[in-house]
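Working notes, structure below.
The values are calculated or read from the model by the stated rules, or taken from the named source; none is laboratory data. These numbers were taken from a predicted model, which means no experiment stands behind them. Cβ sites come from the backbone with ideal geometry, for glycine too, and all protein chains shown count toward neighbours. Side chains included, ligands, DNA and RNA excluded: accessible areas come from the protein's heavy atoms. Shrake-Rupley method; radii C 1.70, N 1.55, O 1.52, S 1.80 Å.
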Amino acid sequence: MNDAKRRAIFERLRAANPHPASELVHATPFELLVAVVLSAQSTDKGVNKCTARLFPVARTPEAIVRLGVDGLTPYIASLGLFRNKAKAVVGLSGILVHEHGGEVPRTREALERLPGVGRKTANVILNTAFGEPVIAVDTHIFRVANRTGLAPGKDVADVERRLEGTTPAEFLQDAHHWLILHGRYVCVARSPKCGECVIADLCEYRDKCLPGAKRAAPARAAGAAPAVPRPAVRARGVQPMAKTSRAGARRGRAR
């Protein structure tokens, strides 16, 4: 994909959503950190339901530490892997209290030393909480980058490197949110909504799901014989209707 097309894609995404934001409800960097850790293999909607009950009770590292794993678990029990997540959230809260003065660190290295925090989560915090021009690549962004041709790569690290290296500087701050929202609601995994897509004509996906378009049949391998229709299989002991009728007529005349 050339630079002009790449710029046009981000211009259209910006025009459609000038001020993109995370769908995880939060008011502080710590609340965002907790929400992102809880969101692993869970939906943002499910996480928001949990944090709506949790944050009024405990919204600081100190409060989470006082709550403890057993106290935190009931608030997040509806999420997958909730026991491991409870341990991670209480563990990272303790580290923040004892090593960072209760504040969320602003470096990737320090963030990745926290329990439950990997490179993707660290990038989300750096971008969304602290305004760093980095892109956190999740399954949605990985799919959009490869499907559209924006930044094809064999793994998330490759896609992250390509996106950060090719996205025009003016779009880097919001690129993460534009791409994740586009993948979540338009460029979905099954049957992408190409008819609703603002970048459909710029996208390099060959098998677009456009209204009225028919998907091409799988190509036959070179030299392969054409498919021959198989005769219908007749159940044993059942005669065709016409023959059965004639046989019945003959039996009637014989009587």
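For Arg106, what is the net charge nearby, where nearby means another residue's Cβ is under 14 Å from its Cβ and Lys, Arg count +1, Asp, Glu -1?
-3
Pairs Lys85/Lys193; Lys5/Lys208; Lys45/Lys120; Lys49/Lys208; Lys85/Lys154; Lys45/Lys85: which exceed 24 Å Cα-Cα?
Correct reply: Lys85/Lys193; Lys49/Lys208; Lys85/Lys154.
What number comes out for the charge environment of Val97, summing +1 per Lys or Arg and -1 per Asp or Glu over other residues with Cβ under 11 Å away? Mind dumping the intermediate values first?
Details: positive: Arg66; negative: Glu62, Glu99, Glu103.
Taking every other residue near Val97 into account, the sum is -2.
Rounded to the nearest 20 debye, what is the charge dipole size of region 64-155 about its Cα centre when +1 sits on each Lys and Arg Cβ and -1 on each Asp and Glu Cβ?
Here region 64-155 has a charge dipole of around 300 debye.
Take each of the peptides 146-153, 190-197, average the number of other beta-carbon atoms within 10 Å over its residues, and list them starting from the highest.
146-153, 190-197
Take the alpha-carbon centre of region 145-183, take the same for region 96-111, and report the distance between them in whole Å.
Cα centres, region 145-183 to region 96-111: 27 Å.
So, taking all protein chains as they sit and a 1.4 Å probe, how much accessible area belongs to Thr121, in Å² rounded to tens?
Counting only protein heavy atoms, the figure is 10 Å².
Just report the Cα centroid separation between region 118-135 and region 1-80, whole Å.
The two parts, judged by their Cα centres, are 12 Å apart.
Once the dipole of region 1-91 is set up with Lys and Arg at +1 and Asp and Glu at -1 on Cβ about the Cα centre, which of Phe82, Ser39, Ala4 lies farthest towards its positive end?
Value: Ala4.
Once ligands and nucleic acids are excluded and a 1.4 Å probe is used, how much of Lys120 is accessible, expressed in Å² to the nearest 10?
My reading of the accessible area for Lys120 is about 100 Å².
Using Cα pairs under 8 angstrom and six or more residues apart, how large is the relative contact order of region 22-96, in percent?
Here the relative contact order equals 32 percent.
To the nearest 10 Å², what's Glu99's accessible area with a 1.4 Å probe?
130 Å²
By the scheme Lys and Arg +1, Asp and Glu -1, what is the net charge of all other residues having a beta-carbon under 15 Å from that of Asp155? Walk me through the numbers before you get to the answer.
Values: positive: Arg119, Lys120, Arg143, Lys154, Arg161, Arg162; negative: Asp138, Asp158, Glu160, Glu164.
With Lys, Arg at +1 and Asp, Glu at -1, the neighbours total +2.
Using a 1.4 Å probe and counting only protein heavy atoms, arrange Arg59, Arg184, Arg106 so the residue with the most accessible area comes first.
Per-residue accessible area, sorted high to low, gives Arg106, Arg59, Arg184.
Tell me, what is the percent relative contact order of region 113-187, built from C-alpha pairs under 8 Å that lie six or more residues apart? Before the final figure, lay out each step's value.
Numbers: 73 pairs, mean separation 23.8, N = 75.
It comes to 32 percent, rounded to a whole number.
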